[in-house]
Amino acid sequence: MTNPKIPLIEIQKKLEHYCAYQERCHQEVSQKLKELGVFGTPMDTVISHLIEQNYLNETRFAEHFVRGKFSIKKWGKRRLERELKQRHISDWNIKNAMKEISDKAYWESGQALAKKFWEAHRHRPLAEQKKKVWNAMQYRGWETELIMENILRLEHQKE
């Protein structure tokens with residue numbers, strides 16, 4: 001069923017623009033089509049068109065998502081994976097997208113982030129300072145081992 005007020009070709013053009021503006025996943029496109037009143041076979045037709053014309057590509061979406069959220073928001077791999085799964089991205093695409101982050105860049109970013117939070121709370125008692133770093137990094141999806149390593153390293157530098 002399609003919204004009778006908007007022809008399918010116009011809906012396709014709207015969605016082409018929507019996908020060209022920024023990378024989108026299938027879930028976002030499906031939601032946009034539902035908002036436009038497009039369901040069933042016409043929805044599948046539009047999505048197929050977007051895939052064929054390379055406006056919609058989940059591998060590319062996952063790679064861009066990982067690079068952007070890691071470099072801008074400093075998210076860890078656990079948060080990135082969780083967010084991609086919420087968007088119904090396949091395990092293969094998630095695993096492939098995680099290759100966008102080099103081990104060296106990941107380690108350096110984790111160190112810099114821990115140091116930033118450590119410095120921001122240097123006036124607090126040590127236990128509270130450690131807890132603040134832990135919570136901030138865990139919220140951003142960094143692995144427990146990496147958080148602990150950084151807290152211990154920062155604590156020993158203080159001495």
Return the only residue of 141, 110 being out of contact with any Pro (no Cβ under 7 Å at 6 or more places or on another chain), touching a residue at least 40 places away in the same chain (Cβ under 8 Å), more than 30 Å from residue 26 (Cβ to Cβ) and not aliphatic (A, V, I, L, M). 110
Restricted to the range 91-126 and to residues being within 22 Å of residue 156 (Cα to Cα) and of a type in the set (Gly, Ala, Ser), the residue surrounded by the most Cβ atoms within 10 Å (Cβ to Cβ) is 114
Within the range 7-29, which residues are touching a residue at least 24 places away in the same chain (Cβ under 8 Å), in a helix (DSSP H, G or I) and not β-branched (Val, Ile, Thr)? 8, 12, 15, 16, 19, 20, 26, 27, 28
Given the options 88, 49, name the one that is in contact (Cβ under 8 Å) with a residue 60 or more places away in the chain and either surrounded by fewer than 15 Cβ atoms within 10 Å (Cβ to Cβ) or in a helix (DSSP H, G or I) (or both). 88
Exactly one of 66, 38 is part of a helix (DSSP H, G or I) and surrounded by 15 or more Cβ atoms within 10 Å (Cβ to Cβ), and that residue is 66
Checking residue 141 against (1) in a helix (DSSP H, G or I); (2) closer than 25 Å to residue 62 by Cα; (3) of a type outside the set (A, V, I, L, M), which test does it fail? (1)
Do you know which of the residues in the range 69-85 that are touching an Asp or Glu at 6+ places or on another chain (Cβ under 8 Å) and part of a loop (DSSP other than H, G, I, E, B) is farthest from residue 28 (Cα to Cα)? 76
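All of the numbers you see were taken from the coordinates with simple rules; none came from a lab. Worth saying up front: this structure is predicted, and the values here are computed from it rather than measured. Note: ideal-geometry Cβ built from the backbone for every residue, glycine included; neighbour counts use all protein chains shown.
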